[in-house]
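The values are calculated or read from the model by the stated rules, or taken from the named source; none is laboratory data. Note that the coordinates shown come from a computational prediction; the quantities given were computed from them, not determined experimentally. Here the Cβ positions follow ideal geometry from the backbone for every residue, glycine too, while neighbour counts run over all protein chains shown. Heads up: the accessible areas ignore ligands, DNA and RNA and are worked out on the full protein's heavy atoms, side chains in. Shrake-Rupley method; radii C 1.70, N 1.55, O 1.52, S 1.80 Å.
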Amino acid sequence: QVQVVESGGGLVQAGGSLRLSCAASRRTFNNYAMGWFRQAPGQEREFVAAVSWGGGVTYYADSVKGRFTISRDNAKNTAYLQMNSLKPEDTAVYYCATGRAAVPGVHPHEYVYWGRGTQVTVSS
């Protein structure tokens, strides 16, 4: 079983930055793609960004492209989401997920292991 833990969320003003971290409990993290999703109150969970097992392939939702950057450090079993130029509409609980394939996916069902989420709140 792989445990996934997100951190780095918080309250930030519009235009500010945050960096989320995602730590996985096992070295098998290195074999899988990793994704970030988010869910705002009353809305479905939506794709944010994903990275392949080696870090060479990345995907982004159109809404965050150019503002967010996903990366990973397999030596530390950790992935990151750098979020710049934050907007109030970025407010949500952000979830990290991994497992199932080396190629990054954009749908929740393409991932097996999920963290409990970290709250990001952007004030206007």
### Task
Work out the length of the dipole vector of the chain about its Cα centre, built from +1 on the beta-carbon of each Lys and Arg and -1 on the beta-carbon of each Asp and Glu, and round it to the nearest 20 debye.
340
#### Entry: Extension gain from Ala101 to Arg67, taking 0.36 nm per residue of separation minus the Cα-Cα distance
9.6 nm
### Task
Would you calculate the separation in nanometres between label points at Asn30 and Ser85, each defined as 7 Å from the Cα along the Cα-to-beta-carbon direction?
3.6
### Task
Sort Leu18, Leu11, Leu86 by accessible area with a 1.4 Å probe, largest first.
Leu11, Leu18, Leu86
### Query
In Å², what does the accessible area per residue of the chain work out to with a 1.4 Å probe?
51
